[in-house]
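Novice: Dropping a structure here in structure tokens format, bear with me for questions.
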Amino acid sequence: MALQSLDIIRRSATTLPEPEVRGAYTGQVAKLIDTTKCIGCKACQVACMEWNDLRDDIGTCTGHYDNPHDLSEHSWTLMRFAEYENPKGDLEWLIRKDGCMHCEDPGCLKACPSPGAIVQYANGIVDFHEENCIGCGYCVTGCPFDVPRISKKDKKAYKCTLCSDRVAVGLEPACVKACPTGAIVFGTKEDMTQHAAERIEDLKTRGFAEAGLYDPAGVGGTHVMYVLHHADQPALYSGLPDNPKISPMVRLWKGAAKPLALFAIFATAAAGFLHYIGIGPNETDEADEDAARREREKTP
Amino acid sequence: MNGPRKDEIVRYSPRIRVNHWIVAISFVLLALSGLALFHPAMFWLTGLFGGGPWTRILHPFIGVFMAAVFFLLGRTMWQDNRMQPRDWLWLKKIEDVANNREENLPEVGRYNAGQKLLFFTIVACLIGLLLSGIVIWRVYFSAFFSIGVIRFASLLHALCAFVLICAIIVHIYAAIWVKGSIRAMTRGKVTPGWAWKHHRAWYREATKGIQHK
């Protein structure tokens, strides 16, 4: 998507405002993934492949249902299957559709050193503009969810776009369109939060006392949210982070360190210049040469 | 003192000079490409290297090259840079140093305490940069390290680079400040007066047994 979309609220490695005259006046968007309704059919994975024209390598069976077994530059979404034995001794099959969470405060965008390689639209979608990507992998370093993948072929970073191209023309993301059980729904963040609340209320009456919405505050909330049966233990869902946030190390590296270091470098150079002006060079004159000669004569 | 003299003293051999300038040029390339990726205000420097991706590709290779070339240089200079008791006294009188009052300072050998500390700062930073740089070299090595290690290495790389850049600014300024130093590293020779004034103990040692005219 080009800058001409005029609705970019944040752009990586840029200090000036973006063309943002068009706002999300009807509300920011969100995709809600209801893990309690998911049957693990992988229609969303197929829809993602089809719409985005992606084909991953045919992998090998690694002993579980995840296929492929990790996200890649060709697989922007992936069903992760976890077998959980609950305290009653029953098996629960916790299936989570993994992919970019579209953070309100994106760690990838914060870490990216290339102007405009990562943008955030007014509607909340975080998108990679691969033509500006330099392939450094800092987005991988910055992401709290381990989502971006660097292509082995072109060395560019790829991830779920939340079908920004479809959403821009009023369509829902491809995975939402394909989901046969209605486990994936799409709309304004407000509507999705409300819809989730209804679902959670229902789940609580069905024995899932800890059912809840996953919209982690540590990253300012996300534009991809989950309804979880066990919202108190997100890690059960194939390692979904309990409290994701941009790492303090990344915050320091990409925050205060940048202006402070640059200032200190210029200050060091300025100090040298002012020392030269104020005190002046240290020169050797004829008197020193004479002294050197005397010293030589003194010590044979 | 500007013309050619017969009694000049050799301070840096051709091998050291060539080695130094290869390191210096590598450092400039690394600082420019590194700053380009460190701060958005400096991103335009990627243009010097053929754009963002080329900057990202070239930087680590130049880095490994510089580390290797510096190793050859540092190995030769290590011994002369070891701190001695008189060096600590020299550091205590740093105010006299800054104000060109060398007559108040203890005798200095081949290198003064400032040069020695700078040397070891450079060595420490280069070790930090090399190790952290390998961790964040995405194409070849990052896959072998956990995300926590990569984040720490990213921060460490920036910190070491920052300290090194400041140290080299001090190094360059010192060469401009103390007249005759640049000539020592470009032509290899200094006048007896220069050696006597700035590195008296070394001057005595360097002229020992040489017939004076």
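Laboratory data are not the source of any read-out in this text; all were calculated from the coordinates shown. Keep in mind that this is a model prediction, so the values were computed, not measured. Cβ placement follows ideal geometry from the backbone for every residue including glycine, while neighbour counts extend to all protein chains displayed.
Novice: Just to verify a number: FRET efficiency for A:A271 and A:D232, C-beta to C-beta distance, R0 = 41 Å, to 0.05? If you can, show how the numbers build up before the last one.
Specialist: On the way: r = 55 Å, r/R0 = 1.35.
The formula returns an efficiency of 0.15 here.
Novice: Treating the beta-carbon of each Lys and Arg as +1 and of each Asp and Glu as -1, no other charges, what is the dipole magnitude of the protein assembly as shown about its Cα centre, to the nearest 20 debye?
Specialist: Details: 57 positive and 52 negative charges, 545 e Å.
That gives the protein assembly as shown a dipole magnitude of about 2620 debye.
Novice: Using DSSP to call loops (not H, G, I, E or B), can you name the chymotrypsin sites (Phe, Trp or Tyr not before Pro) in the stretch B:51-93 whose Cβ has at most 13 other Cβ atoms within 10 angstrom?
Specialist: Values: sites: B:W54, B:F61, B:F65, B:F70, B:F71, B:W78, B:W88, B:W90; in loops: B:W78.
Here the chymotrypsin sites (Phe, Trp or Tyr not before Pro) that fit, given the DSSP loop and packing criteria, are B:W78.
Novice: Check each of the trypsin sites (Lys or Arg not before Pro) in the stretch B:1-48 and keep only those in coil by DSSP with at most 15 other C-beta atoms within 10 angstrom; list them in order.
Specialist: Working: sites: B:R5, B:K6, B:R11, B:R15, B:R17; in loops: B:R5, B:K6, B:R11.
Filter output for the stretch B:1-48: B:R5, B:K6.
Novice: For chain B, list the DSSP H helices whose alpha carbon atoms reach 30 Å or more along the long axis and whose average Kyte-Doolittle value is 0.5 or above? Don't skip to the answer; put the middle values down first.
Specialist: Details: long enough: B:14-38 (35 Å, 1.44); B:52-77 (36 Å, 1.10); B:113-135 (33 Å, 2.01); B:147-177 (45 Å, 2.14).
Going by DSSP H runs, the hits are B:14-38, B:52-77, B:113-135, B:147-177.
Novice: List the trypsin sites (Lys or Arg not before Pro) within the stretch B:80-167 that DSSP assigns to loop and that have no more than 16 neighbouring Cβ atoms inside 10 Å.
Specialist: Working: sites: B:R82, B:R86, B:K92, B:K93, B:R101, B:R110, B:K116, B:R138, B:R151; in loops: B:R82, B:K93, B:R101, B:R110, B:R138.
Passing sites in the stretch B:80-167 are B:R82, B:K93, B:R101.
Novice: Next question, about the same structure. Only counting other Cβ atoms within 10 Å, I'd like A:T14, B:T76 sorted with the fewest neighbours first. Walk me through the numbers on the way to the answer.
Specialist: Details: A:T14 16, B:T76 12.
Least crowded to most crowded, the residues run B:T76, A:T14.
Novice: Just want the ordering: A:E201, B:E107, from fewest to most Cβ atoms lying within 10 Å of their own Cβ. It would help to have the intermediate numbers written out before the result.
Specialist: Values: A:E201 10, B:E107 14.
So the residues, fewest neighbours to most, are A:E201, B:E107.
Novice: Looking at chain A, identify the longest residue range that excludes and avoids all trypsin sites (Lys or Arg not before Pro) in DSSP loops having at most 12 other Cβ atoms within 10 Å.
Specialist: On the way: sites that count: A:R55, A:K88, A:K152, A:K153, A:R206.
Free of exposed loop sites, the longest segment is A:207-300.
Novice: Cross-link partners among lysines for B:K189, C-alpha distance below 22 Å, same-chain residues fewer than 8 apart left out?
Specialist: B:K6, B:K116, B:K179, B:K197, B:K208, B:K213
Novice: By its C-alpha gyration tensor, with a ≥ b ≥ c as the square roots of the eigenvalues, how is the stretch A:185-246 shaped: rounded for a/c under 1.5, else prolate for a/b larger than b/c, else oblate? Please report the intermediate quantities before stating the final value.
Specialist: Details: a/c = 2.32, a/b = 1.11, b/c = 2.08.
Here the stretch A:185-246 falls in the oblate category.
Novice: Sorting A:I184, B:I122 on the 10 Å Cβ count, fewest up front, what's the list?
Specialist: Details: A:I184 25, B:I122 20.
Neighbour counts put them in this order, fewest first: B:I122, A:I184.
Novice: Under a cut-off of 23 Å between alpha-carbon atoms, report the lysines in cross-link reach of A:K258, not counting same-chain residues fewer than 8 places apart.
Specialist: A:K110, A:K245
Novice: What is the Cα centroid distance between the stretch B:89-122 and the stretch A:148-199, reported in whole angstrom?
Specialist: Between the Cα centres of the stretch B:89-122 and the stretch A:148-199 lies a distance of 63 Å.
Novice: Between B:T186 and A:D53, what's the calculated FRET efficiency when r is the beta-carbon distance and R0 is 41 Å? Round to 0.05. Provide the component values of the computation, followed by the final result.
Specialist: Working: r = 59 Å, r/R0 = 1.43.
Given R0 = 41 Å and the Cβ-Cβ separation, E is 0.10.
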